[in-house]
């Protein structure tokens with residue numbers, strides 16, 4: 001087998017996305033056009049910093065997003081985790097553990113004998129400040145700064161009174177101690193999964209912003225195709241927290257109307273959300289030999305960076321085109337055999353236009369009266385999950401191929417004229433449709449994930465016949 005090329009089968013999938021505790025519900029929500037975007041749950045703390053007219057750097061003007069809410073509950077005992085290790089830790093560690101278990105179970109390998117020495121765990125995860133580390137900082141610096149201010153404002157307070165205030169402040173916080181500390185270390189997320197599932201191949205996280213989970217897929221494929229591993233659990237996880245909302249508000253990237261409208265004329269920004277998705281990969285020939293259920297086949301993943309652009313955060317057509325072309329060259333597939341694109345589609349006017357320009361350059365102009373390739377974005381339903389966005393799109397595309405259905409995208413009414421859709425082979429699919437296909441080659445789908453800072457990935461999937 002060529003070490004640089006080989007078909008990889010998706011044999012197991014699990015997810016936890018807004019409005020969807022599992023893959024079955026996720027797919028049902030997609031085909032039923034369920035919008036799972038909402039205001040945050042009360043414990044998220046939005047009201048403390050939300051101001052729709054905000055101009056200060058400590059406020060957010062948008063609080064809507066794709067929240068897990070009650071779906072994020074984690075019972076530690078079935079996974080061999082001590083209960084007192086959870087509260088105060090990073091939620092992503094435990095959501096990823098839960099979904100990894102469920103993915104391996106879906107593949108039929110949770111209780112089955114297989115070579116655990118040759119099984120990898122590679123997950124996309126953002127390294128930005130999250131709940132657990134915020135708690136740690138509050139226990140130290142924030143409490144100390146508060147006491148210093150109190151000393152200045154109230155010099156009459158005794159040391160005993162200040163220590164009592166310190167204790168009250170610390171008691172009001174989630175715990176930070178030796179039990180919770182491991183879940184504040186980023187790479188331990190995959191290490192815990194490997195530990196609990198007794199997997200002894202490579203186990204690590206990758207941070208490539210919004211492209212993280214597709215790059216995790218690519219790395220898992222390389223482990224399989226190179227022959228170093230026989231099984232790979234790959235995907236991504238994200239939890240939405242106020243600090244990252246504050247960053248996006250400073251960049252004016254969030255929608256002020258609280259709605260993601262990919263490729264629409266009225267699109268005014270994106271929304272952020274929470275979720276986790278894991279897929280189990282295996283070399284196609286091995287999956288066929290072992291009688292595994294195969295959802296879809298991954299042909300290749302193309303990756304490229306933007307290089308020098310107008311701005312560090314501005315998307316660049318050339319970088320996205322390079323990622324697309326590398327994917328199709330590696331798979332030896334013509335883009336014109338692809339019938340569905342799960343777009344990055346964040347609903348930012350500049351990003352959507354650049355993405356369509358890149359797709360048009362690679363796919364070529366429309367060569368007839370009618371478009372032939374459907375385009376959609378699951379972000380219109382669950383919001384932008386940043387490091388988990390790519391795997392959310394990958395699972396959607398795999399299910400579309402598996403069920404032979406073209407899934408809809410929401411909130412598209414009139415195309416942004418700058419897209420020049422009428423000149424392209426693409427149409428924005430807004431209804432659930434049977435995937436009619438009469439060509440000589442299998443149904444194929446492409447999945448885009450383009451990251452902040454200019455890292456781009458494109459995956460090509462094919463139906464399993």
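The values are calculated or read from the model by the stated rules, or taken from the named source; none is laboratory data. Bear in mind the structure is a predicted one, so any value in this text is a computation, not a measurement. Every residue, glycine among them, receives a Cβ derived from its backbone with ideal geometry; neighbour counts consider all protein chains shown.
The table below gives the values:
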| quantity | calculated |
| --- | --- |
| Where residue 315 falls short, out of the listed (1) modelled with pLDDT of 95 or more; (2) touching a helix residue (DSSP H, G or I) at 6+ places or on another chain (Cβ under 6 Å); (3) surrounded by 23 or more Cβ atoms within 10 Å (Cβ to Cβ) | (1) |
| Single unsatisfied condition, residue 183 versus (1) at pLDDT below 95; (2) under 26 Å from residue 301 (Cβ atoms); (3) in a helix (DSSP H, G or I) | (2) |
| Residue ranges of strands (runs of 3 or more DSSP E) in the stretch 357-451 with at least 1 members farther than 19 Å from residue 264 by Cα | 444-451 |
| Count of residues meeting criterion [under 18 Å from residue 388 (Cβ atoms), out of contact with any strand residue (DSSP E or B) (no Cβ under 6 Å at 6 or more places or on another chain) and in a loop (DSSP other than H, G, I, E, B)] in the stretch 11-33 | 3 |
| Identity of the residue in the stretch 437-449, more than 15 Å from residue 408 (Cβ to Cβ) and modelled with pLDDT of 95 or more, that ends up farthest from the chain's Cα centre (by Cα) | 442 |
| Matching residues in the stretch 429-462 - criterion: being within 17 Å of residue 377 (Cβ to Cβ) and surrounded by fewer than 22 Cβ atoms within 10 Å (Cβ to Cβ) | 429, 430, 431, 432, 433, 452 |
| From the options 358, 389, 374, 420, residue that is within 21 Å of the chain's Cα centre (by Cα) and touching a residue at least 40 places away in the same chain (Cβ under 8 Å) | 389 |
| Within the stretch 193-227, considering residues that are part of a loop (DSSP other than H, G, I, E, B) and in contact with a strand residue (DSSP E or B) (Cβ under 8 Å, 6 or more places away or on another chain), the one surrounded by the most Cβ atoms within 10 Å (Cβ to Cβ) | 211 |
| Test set (1) over 20 Å from the mean Cα position of the chain (by Cα); (2) crowded, with 24+ Cβ neighbours inside 10 Å; (3) outside any strand (DSSP E or B) - residue 268 fails condition number | (2) |
| The one condition in (1) in contact with a helix residue (DSSP H, G or I) (Cβ under 9 Å, 6 or more places away or on another chain); (2) assigned by TED's automatic domain parsing to the domain that holds residue 272; (3) surrounded by 18 or more Cβ atoms within 10 Å (Cβ to Cβ) that residue 79 fails to fulfil | (3) |
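Yes or no, residue by residue, for (1) surrounded by 12 or more Cβ atoms within 10 Å (Cβ to Cβ); (2) not in a strand (DSSP E or B):
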site	(1), (2)
71	yes, yes
100	yes, yes
106	yes, yes
109	yes, yes
120	yes, no
137	yes, yes
149	no, yes
156	no, yes
160	no, yes
